[in-house]
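Chemist: Next up is a structure, given as structure tokens.
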């Protein structure tokens with residue numbers, strides 16, 4: 001899995017997308033190092049479930065020293081709650097990556113960007129080691145999302161705080177991404193459970209690739225944990241049957257639908273390692 005890795009525990013199958021994330025990770029790391037006197041703000045246009053939150057979390061986990069992760073979801077917060085969440089950062093002595101999720105939410109509100117602006121300037125005005133990653137999903141592209149943001153009160157001012165080189169368009173998870181994520185999650189869940197996962201039945205990976213509800217990155221960690229929990233003691237393989245609870249009708253239904261095209265994947269295993 002290492003050759004697809006962006007940061008430990010987070011991988012992308014497509015080479016272009018992988019390098020977009022690697023570039024973003026490098027810039028974030030530089031912004032969280034010594035004070036730069038520059039605005040260290042990023043804008044991600046990312047489909048829901050594309051894994052942007054997990055990328056932010058794993059980026060912080062991959063950095064040396066004590067780096068804080070702080071997350072605020074604009075869609076879920078009132079003005080007072082957003083302000084309180086930002087003010088918490090004033091007491092941080094460590095550098096902080098702050099994810100502002102759904103930054104394009106509340107289009108009718110006149111206050112969201114007004115509240116954000118002083119903190120987007122903090123790295124310039126008070127040498128704060130804050131990196132803001134603002135993520136939204138409205139529109140068909142990051143350009144369309146920016147147009148919508150710009151039409152809002154203080155929207156143009158907010159966009160002016162984001163260097164053009166720090167704007168990133170992140171596509172939805174593809175089938176390759178989905179398989180990589182679940183393999184990575186199998187390994188991680190195995191380590192946490194004290195089990196060594198050495199291989200995964202290919203029919204199980206076909207199920208992951210073909211099942212729409214698993215196209216969302218948020219669904220995969222719990223899915224992987226449950227599969228690892230079903231591995232009996234001494235087993236180092238994740239079998240197709242481990243993906244389902246006892247008596248789950250989806251097991252037989254999927255097999256009946258796919259046996260003619262995927263029958264040769266039964267009892268064939270993909271060896272996995274970091």
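Chemist: Suppose each label sits 7 Å from its Cα in the direction of the beta carbon; what would the residue 222-residue 108 distance come out to in nanometres?
Modeler: So the two model labels end up 3.1 nm from each other.
Chemist: Over the chain, calculate the relative contact order: mean separation of alpha carbon pairs under 8 Å at least 6 apart, over the residue count, as a percent. Before the final figure, lay out each step's value.
Modeler: Working: 440 pairs, mean separation 62.6, N = 274.
With pairs under 8 Å counted, the relative contact order is 23 percent.
Chemist: Still on this structure: Take every DSSP beta bridge whose two residues both sit in the chain, then give the antiparallel share in percent to the nearest 5. Provide the component values of the computation, followed by the final result.
Modeler: On the way: 5 of 28 bridges.
Around 20 percent antiparallel, to the nearest 5.
Chemist: Using a ≥ b ≥ c from the Cα gyration tensor of the range 1-148 (square roots of the eigenvalues), is it rounded, prolate or oblate, where a/c under 1.5 gives rounded and otherwise the larger of a/b and b/c decides, a/b for prolate?
Modeler: On the way: a/c = 1.85, a/b = 1.16, b/c = 1.60.
Oblate is the answer for the range 1-148, as a/c is 1.5 or above yet b/c matches or exceeds a/b.
Chemist: Oh, and also: Starting from the Cα-Cα distance between residue 192 and residue 16, subtract it from 0.36 nm times their residue separation and give me the gain in nm to one decimal. Working shown, then result.
Modeler: Details: separation 176, 0.36 × 176 = 63.36 nm, distance 3.14 nm.
In short, 60.2 nm is gained.
Chemist: Shape verdict for the range 116-267, please, from the Cα gyration tensor: rounded (a/c under 1.5), prolate (a/b greater than b/c) or oblate.
Modeler: Numbers: a/c = 3.75, a/b = 2.17, b/c = 1.73.
It is prolate, given that a/c is not under 1.5 and a/b is the larger ratio.
Chemist: Using a Gaussian network for the chain with springs between C-alpha atoms less than 10 Å apart, which of these wobbles most: 150, 135, 80?
Modeler: In the Gaussian network model the winner is 80.
Chemist: Simple spin-label model, 7 Å along Cα-to-Cβ: residue 140 to residue 266 in nm?
Modeler: 4.4 nm
Chemist: Related question: State whether the range 144-199 is rounded, prolate or oblate according to the following rule on the C-alpha gyration tensor (a ≥ b ≥ c being the square roots of its eigenvalues): a/c under 1.5 gives rounded; otherwise a/b larger than b/c gives prolate, and the remaining case gives oblate. Show your work: numbers first, answer last.
Modeler: Details: a/c = 4.36, a/b = 3.12, b/c = 1.40.
Prolate.
Chemist: Cα axis of helix 15-31 to longest principal axis of the chain: angle in degrees, 0 to 90, nearest 10?
Modeler: Around 40 degrees separate the two axes.
Chemist: Ok, one more. Just to confirm the number: angle between the C-alpha axis of helix 79-88 and the first principal axis of the chain, 0 to 90 degrees, nearest 10?
Modeler: Roughly 90 degrees, rounded to the nearest 10.
The numbers here are math on the coordinates, done by the rules we state, and not lab data. From a predicted model like this one, the values you see are computed outputs, not experimental measurements. Using ideal geometry, Cβ is built from the backbone for each residue, glycine included, and neighbour counts are taken over all protein chains shown.
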